[in-house]
1. Filter segment 133-153 for residues that are within 18 Å of the chain's Cα centre (by Cα) and away from ligand 3 (no atom under 16 Å from the Cβ) and give the result.
2. Report yes if residue 102 is in contact with a helix residue (DSSP H, G or I) (Cβ under 7 Å, 6 or more places away or on another chain), at pLDDT 90 or above and within 15 Å of ligand 1 (Cβ to nearest atom), otherwise no.
3. Quick check: is even one residue across segment 202-224 under 30 Å from residue 133 (Cα atoms) and surrounded by fewer than 20 Cβ atoms within 10 Å (Cβ to Cβ)?
4. Restricted to segment 34-51, and to residues that are surrounded by fewer than 16 Cβ atoms within 10 Å (Cβ to Cβ) and touching a residue at least 60 places away in the same chain (Cβ under 8 Å), which residue is nearest to residue 107 (Cα to Cα)?
5. Quick one: residue 32 ticks every box in (1) assigned to a helix (DSSP H, G or I); (2) in contact with a strand residue (DSSP E or B) (Cβ under 8 Å, 6 or more places away or on another chain) except a single one, so which number is it?
6. Provide a single number: the residues in segment 179-191 that are touching a helix residue (DSSP H, G or I) at 6+ places or on another chain (Cβ under 9 Å), loosely packed, with under 13 Cβ neighbours inside 10 Å and not in a helix (DSSP H, G or I).
7. Taking the residues in segment 64-98 that are within 10 Å of ligand 1 (Cβ to nearest atom), surrounded by fewer than 16 Cβ atoms within 10 Å (Cβ to Cβ) and farther than 18 Å from residue 147 by Cα as candidates, determine which candidate is farthest from the chain's Cα centre (by Cα).
8. When you go through 194, 176 one by one, which is the residue that is in contact with a strand residue (DSSP E or B) (Cβ under 6 Å, 6 or more places away or on another chain), surrounded by 19 or more Cβ atoms within 10 Å (Cβ to Cβ) and under 23 Å from residue 257 (Cβ atoms)?
Ligand code: C2E
Ligand code: MG
Ligand code: MG
Ligand code: MG
């Protein structure tokens, strides 16, 4: 009996592994086709600077316009893209599209692009960024790379070298979703980041939980010690905006100030009569 069950367990795993391999293969094919068929789109969410309530720039956020399933959010396919390695060509497409778009905008506007930890493990990243900047003519100072703490956890030396090389080019580095990773604070000393983006979970609780206010404050202290800027994500209410302004945050982003929008809408904001500067300054 023991022998029999062992054999069926083995067969079970074999089947599982085959199904898993097939699933990955299927998803890889789908993502590759999506890229070839131009089904990815970038949405742009405004980032507002609180020193003059003007537009600082936009964060580029990917969407998949699936022919049958409609608009798909990044959390539904980025993890799969990471798993299958498709994040590398997709990430390159994002970078090129975002830089090409921002190059047409007024030169005081920045573009923030999210990079996955898997892109950092891929050796071609630096060369890709250099050639995209070259092709699009975007000044490196206008590009902000958003990384999460996880980038600094894996293959630390290689990641740090890459970040230093990006900094030398003049590109800015922001730490995204700050406060939600596993890492210790010690990594902050090892490279010159330009901005901390406080995760929106801390902003969401600011009205009710005094612990969140303590964290919101501590982050300003950490950032100022490193001469870095602070951005608060996920601002949804006037009250949150008022609190983060009072705490001295440099920038804000959230549904209250603008949802992620298609390029045409972002450009209507930039070039149109109603720049959000006016709307925001009345807040
Ligand atoms: P993220 O980089 O932290 O981006 C901010 C996310 O918060 C966006 O979700 C945005 O729509 C959402 N958000 C902004 N303001 C508010 C608010 O006031 N309230 C709430 N509830 N949410 C708000 P989105 O676009 O679904 O993106 C989710 C995540 O997917 C991003 O988080 C980022 O980690 C990843 N992602 C998006 N685009 C890319 C990309 O091009 N490459 C990579 N590697 N990751 C991406
Ligand atoms: Mg981001
Ligand atoms: Mg974020
Ligand atoms: Mg986030």
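1. The answer is 140, 141, 142, 143, 153.
2. Criteria met by residue 102.
3. Yes: segment 202-224 contains one or more residues that are under 30 Å from residue 133 (Cα atoms) and surrounded by fewer than 20 Cβ atoms within 10 Å (Cβ to Cβ).
4. 51
5. Single failed check for residue 32: (2).
6. The qualifying residues number 1.
7. My answer is 76.
8. 176
The values are calculated or read from the model by the stated rules, or taken from the named source; none is laboratory data. The structure presented is a predicted model; accordingly, all values stated were derived computationally and were not measured. Quick reminder, even Gly has a Cβ in these numbers, built from the backbone with ideal geometry, and neighbours come from all protein chains shown.
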